[in-house]
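Read through the structure below, which is laid out as structure tokens, and then see the notes.
The values are calculated or read from the model by the stated rules, or taken from the named source; none is laboratory data. Worth saying up front: this structure is predicted, and the values here are computed from it rather than measured. Here Cβ is always computed from backbone atoms with ideal geometry, including for glycine, and neighbour counts include all displayed protein chains.
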């Protein structure tokens with residue numbers, strides 16, 4: 001039987017109150033990427049093989065039993081583009097294996113094709129991710145042109161990037177163009193946040209959130225959306241999203257004067273560096289068994305792959321960002337596709353998909369069932 005780890009997000013912390021103005025005092029500690037270590041799990045095919053070798057019920061079989069075979073898309077509401085794997089952080093759970101040493105950056109021709117698809121379609125939302133998407137040389141052009149097309153733009157910002165001198169004006173730029181900011185904050189204390197995202201991340205994240213608040217982000221009536229994401233620490237499923245949001249809002253306000261709109265809970269996907277972490281700790285089998293046992297048929301109808309498309313840095317298309325990192329490409333690229341081609345496509349699935357259907361489900365927008 002798998003031993004339960006204490007879910008540190010639910011733990012009580014008797015820490016001293018901190019002053020509202022927090023300045024970064026230490027650099028972020030970086031761990032090597034799988035690519036730097038020449039690790040076998042740097043290869044997407046090996047990751048899929050490791051999960052398959054566990055011998056658990058296939059996700060395709062689970063979907064069939066839920067009456068959704070084959071699993072198909074039914075619309076495209078979000079164009080999510082991964083502009084590259086460069087990042088100023090190397091988080092322990094990163095499914096992209098992003099880091100400062102990564103060289104993958106979306107070429108200008110792919111950027112242009114993404115904007116062309118937006119212009120030719122009615123896709124309402126552009127979701128920009130990475131790596132740290134703001135490191136892309138055309139990030140601001142992407143934002144400006146997408147907003148000029150009337151599209152809602154989401155920036156998946158890691159917060160700490162805005163504390164670097166060359167990016168200190170980024171919050172003001174995002175506010176000027178009414179970009180939704182979606183940022184990870186694993187916990188409202190330094191211990192859990194730094195354990196997952198690197199030593200020094202928490203203090204810099206708090207300072208960044210305060211800077212966003214000063215511009216009106218997260219403030220009621222401002223129209224500037226600031227949403228946070230939490231991934232659990234350890235081989236456990238996320239807690240109740242509504243309850244965690246209430247806790248995050250209370251604690252961040254009380255400790256640091258920070259406000260935000262919504263908290264999204266996302267299940268850690270058994271991919272890349274988190275897969276390595278699970279394997280190294282001996283928790284992989286137990287974690288996958290937990291995901292399989294928690295499969296919830298009610299989540300399938302709302303899976304994000306059914307209403308979005310993911311574009312890789314090289315222009316290849318995928319059902320989602322997770323499939324992208326596992327090399328599960330669609331036949332088409334961004335240069336040869338229409339929305340009509342994508343809206344009713346059959347979706348590729350594998351064992352990692354259990355992460356999106358466990359319990360209340362998980363998506364880039366938080367719990368699928370919203371509980």
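Looking across region 360-370, the residues that are surrounded by 22 or more Cβ atoms within 10 Å (Cβ to Cβ) and on the phi > 0 side of the Ramachandran plot come down to 361, 366.
Considering only residues that are surrounded by fewer than 17 Cβ atoms within 10 Å (Cβ to Cβ), under 24 Å from residue 283 (Cα atoms) and in contact (Cβ under 8 Å) with a residue 40 or more places away in the chain, which ones fall in region 54-77? If the condition is that a residue be surrounded by fewer than 17 Cβ atoms within 10 Å (Cβ to Cβ), under 24 Å from residue 283 (Cα atoms) and in contact (Cβ under 8 Å) with a residue 40 or more places away in the chain, then 54, 57, 58, 60 are the ones that fit. For the criterion of being buried (at least 18 other Cβ atoms within 10 Å of the Cβ) and closer than 30 Å to residue 340 by Cβ, residue 117 passes. Here the condition is being at pLDDT below 95, over 25 Å from residue 180 (Cβ atoms) and surrounded by fewer than 20 Cβ atoms within 10 Å (Cβ to Cβ); of 332, 348, it holds for 332 alone. Within region 259-269, the set of residues being buried (at least 23 other Cβ atoms within 10 Å of the Cβ) and over 13 Å from the mean Cα position of the chain (by Cα) comprises 260 only. Counting only residues that are closer than 25 Å to residue 58 by Cα and not in a helix (DSSP H, G or I), region 331-351 holds 8 of them.
When restricted to residues that are in a helix (DSSP H, G or I) and surrounded by fewer than 19 Cβ atoms within 10 Å (Cβ to Cβ), region 291-326 contains 6. Residue count for region 332-363 under the criterion of being over 23 Å from residue 64 (Cα atoms) and out of contact with any strand residue (DSSP E or B) (no Cβ under 7 Å at 6 or more places or on another chain): the result is 5. Here is the figure for region 216-246: residues that are on the phi < 0 side of the Ramachandran plot and surrounded by fewer than 17 Cβ atoms within 10 Å (Cβ to Cβ) total 7. Checking each residue in region 200-215 for being surrounded by fewer than 21 Cβ atoms within 10 Å (Cβ to Cβ) and without any contact (Cβ under 8 Å) to a residue 24 or more places away in the chain picks out only 214.
With the condition being within 24 Å of residue 284 (Cα to Cα), I'd like the helices (runs of 4 or more DSSP H) fully within region 167-266 carrying at least 3 qualifying residues. Per the criteria, 190-197.
Does residue 45 count as at negative phi, assigned to a helix (DSSP H, G or I), in contact (Cβ under 8 Å) with a residue 40 or more places away in the chain and touching a strand residue (DSSP E or B) at 6+ places or on another chain (Cβ under 7 Å)? So residue 45 fails the test. Of 294, 280, 329, all but one fail to be free of Cβ contacts under 8 Å to residues at least 12 places away in the same chain and at negative phi; the exception is 280.
Only one residue in 151, 163, 140, 156 is under 21 Å from the mean Cα position of the chain (by Cα), under 24 Å from residue 212 (Cα atoms) and exposed (fewer than 15 other Cβ atoms within 10 Å of the Cβ). Which one?
140 is the lone residue from the list that is under 21 Å from the mean Cα position of the chain (by Cα), under 24 Å from residue 212 (Cα atoms) and exposed (fewer than 15 other Cβ atoms within 10 Å of the Cβ).
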